[in-house]
Every structure is written in C-alpha cells, then in structure tokens.
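Read the structure below first, then the notes.
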Amino acid sequence: MIDNMLVIDAVVHPYDLSEENQVPAYRSQLDAVYAAHGMSFDDAHRSHMLAHDEFFSDFSFEAMASAEFVESPVDFAILHALPCLGFVKGYLTDPKRAGAFQRKYPNRFMLYATVDSPDLKVAIQQLKQQIDDFGTTGLKLYPAFFYENLAEGWRLDGDKFATPLLETAQRLGIKHVAIHKALWLPPAPKEAFEVGDLDTPMKRFPDLTFEIVHAGTAFVEETIDLLYRHPNLYLTLETLFAYVLVKPHLFGRIVASFIKHCGNDRLLFATGNNLAHPNPLLQAFLAYRLPDDLMQQHGLKQLTEQDRRNILGLNAARLHKLDPATLIANTTHDEFSRARARHVPQPWSVLRGATA
C-alpha cells in the first residue's frame, strides 16, 4: 500500500529477450523495445533503467516480483503471458512459466493466458490447455500474429477468428479480455492497433470485460467515446503511467480527460514490469497535481484522493472481485512484506545483488 491506498499493478510481464530467443533480423524492433524502456524514466530515476545486458536477458520472475512487492509498495499484480511478437523465436513471456510462478504466489498474482497462433483450432487448444493447467479467467491478446516471417493483423470484430475465439473463451470460463492497442508493433499493419474494432465485440459479449492495454497513448477521443458507451470496457494505463515522470502535462491532460468524460472507476494503474519499475511511477503519481493552466485550458478538475484510490487499486479489485481487506491480510506477513519491512532495497536488487 502507498499512503494507505491499495495498489494493484494491472500488467506485469517479465520478458524473455535472451540471445537464444532473439530474432537477429528484427534488431530494429528489439532496439525499439529497449528504447521504450528507457523512455519510462526521467533523469532523476536513471538507476531504475536496466542496462543493455540486464534487459536483453531471460528476465527473472523473481526480480520482477521483488521490484513489485519489496522495492515498491504494490500489493497484487496481474501477470500477462505474452505470445511471439516477431522479434523473439518463442513466447515473449511463456505461459507455462508464468502460470507456475502465479501458482507459487497465488496471494500476489493473477494470470492472464495468451494465444500464439492464427489457426483457430490451435489457438483454442492453447487457451484450453492454459485454463486446464492454471485455472485462469483472463486472456491477453495482440491484434497481430507473427509467424514464418509474416506479420498478419486481425480484427477483434472478425467473424472467422476473433468471434469464435471469444465465444469459446467465454464458454471455458474466461471473464476478462485484455488487448494490446495504440502502440504499433511493426512490421504488422498499423491499422490493426487502432480501436475501431472494439465496439462490436463489447456489444456482442456484454458479460466479458475488455481492457485496452496502453490506453491513452493514442486514439484518446475514440477511447473516450468507447468508454462512455460501454460499461464493460476498462482502460489499462501501461505506458501512459510512465508519462507522469517524462511527460507530466500530457499525463495529467489525458487522465483528467478520461475522468471528466467517463468517471474514475474504470482506469487501471499498470507498469508492464519489466518494461518499467513501479516505485518511481507510484511516488510521482502520489505527489502529482494538475497545473492550474492545464485545468483552465481544458476545463479539467484536480485529481482527488478518490481518483487516486480507484486508479491505483480499487478499480482492479472490483474488476477481479478481490476483497481489499482479505488481499492485504493474505500478504501482510508473506516473504515479500517481511523483506520490505526489514529494508527497501535499491532497484532490481535481485538482479543486481544490491541491497543497500
């Protein structure tokens, strides 16, 4: 908790960017991912930036967890399995390893499954296997598949793949669907990362909740329109939350605009750890105030304590039917809380062996 506020990180995913998993022909994409990591920190927090060899590794799940719960005041996190995104040979975050880690720490993590094939039968089998193995109720999707040197976009309102996949997912017990949008992943078609394909599935599947991951980094007006019209839509603010450090005016304008038009109850704090480190983002958000000129220019209101409480954790708790008091009770005396009580270490302490 931070300032007596529950904190749930809605997206964490330790990357496997080891040399063995890299695709050398996609060097520019690999470099772009590292650049995105670097852009998550201002000059005052460069110690939180991973060195090149630290980032381009099979990143430790333990280092990610320590960054969340020992080095930062996070209480719970949603662990996303990630498919192949072209620049790696296999999964970017392997669902079997992610599921095993979630089972090791069920009071700290929830798992979102993923699928890694444009073949509907294969994708359904992958999803079923992860549900059978780990009992997950969440599904993480990307609007493109990368295979055989191809990057093929697809739409969430498509009848041949997306709709039967969502029908089957719901029948198998999936309740939450998070889809990467707004941030383009070349060489996939850029239009695949737009948000115009969300309207129909949110109407078609009213009992599923949908999350736009990276919401607010593009298509802000379209996103506001969707959020206003669809009560089953949530905005996962991975990447946007780093703006609180590096683009604070833009951060305030976008977040306050979401609140102005749609309220504060469907916005989710997220870091994408290990793409970012939670602590500097949380500390900056706690202290953040919208500048007067920004409020006057755009007709915005100052962030309230309830805005912060909802965004940091209460919205995610309601979304996932987590009781905050029970969640805190289950983690107060675990190994992470005990370690944090003894001493809050430097960033990426498990990775770097640093405790001072």
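Look through Asp197, Asp157 and report the one residue that is modelled with pLDDT of 95 or more, farther than 30 Å from Leu327 by Cβ, in a loop (DSSP other than H, G, I, E, B) and in contact with a Ser or Thr (Cβ under 6 Å, 6 or more places away or on another chain).
Asp157
Which residues, taken from segment 316-344, are small (Gly, Ala, Ser) and more than 18 Å from Lys104 (Cβ to Cβ)?
Residues satisfying the conditions are Ala316, Ala317, Ala325, Ala329, Ala341.
Is it the case that segment 40-53 has a residue that's among the aromatic types (Phe, Trp, Tyr) and surrounded by fewer than 18 Cβ atoms within 10 Å (Cβ to Cβ)?
no
Pairs, please: C-beta under 7 Å, at least 6 apart or cross-chain, first residue among the aliphatic types (A, V, I, L, M) and in segment 331-354, second in a helix (DSSP H, G or I)?
Pairs found: Val350/Glu62; Val350/Ala63; Val350/Ser66; Leu351/Glu54; Leu351/Ala63.
Go through segment 103-123 and count every residue that is hydrophobic (A, V, I, L, M, F, W, C), farther than 16 Å from Gly90 by Cα and surrounded by fewer than 18 Cβ atoms within 10 Å (Cβ to Cβ).
1
Do the conditions hold for Glu167, that is, is it farther than 27 Å from Ile224 by Cβ, of a type outside the set (Lys, Arg) and surrounded by fewer than 16 Cβ atoms within 10 Å (Cβ to Cβ)?
Judged against the criteria, Glu167 is a match.
Considering only segment 267-345, give the helices (runs of 4 or more DSSP H) lying wholly within it that have at least 2 residues that are touching a Pro at 6+ places or on another chain (Cβ under 6 Å) and within 14 Å of Val255 (Cα to Cα).
none
For Leu281, state whether it is more than 30 Å from Leu17 (Cα to Cα), touching a Leu at 6+ places or on another chain (Cβ under 7 Å) and either buried (at least 18 other Cβ atoms within 10 Å of the Cβ) or touching a residue at least 24 places away in the same chain (Cβ under 8 Å) (or both).
no
Yes or no: segment 196-209 includes at least one residue that is in contact (Cβ under 8 Å) with a residue 24 or more places away in the chain, closer than 26 Å to His37 by Cβ and surrounded by 20 or more Cβ atoms within 10 Å (Cβ to Cβ).
No.
Taking segment 200-248, which residues are part of a loop (DSSP other than H, G, I, E, B) and of a type in the set (Gly, Ala, Ser)?
Ala215, Gly216, Ala218
Would you confirm, using the coordinates I've provided, whether Ser117 is polar (S, T, N, Q), part of a loop (DSSP other than H, G, I, E, B) and free of Cβ contacts under 8 Å to residues at least 40 places away in the same chain?
yes
Whether any residue in segment 59-75 is within 13 Å of Leu275 (Cα to Cα), touching a residue at least 60 places away in the same chain (Cβ under 8 Å) and over 18 Å from the mean Cα position of the chain (by Cα) is what I want to check.
no
Is it true that Glu191 is assigned to a helix (DSSP H, G or I) and more than 30 Å from Leu300 (Cα to Cα)?
Against the criterion (assigned to a helix (DSSP H, G or I) and more than 30 Å from Leu300 (Cα to Cα)), Glu191 qualifies.
The values are calculated or read from the model by the stated rules, or taken from the named source; none is laboratory data. Note that the structure is a prediction, hence the values are computed from the model and not measured. FYI the Cβ positions are ideal-geometry reconstructions off the backbone, even for glycines, and counts take in every protein chain you see.
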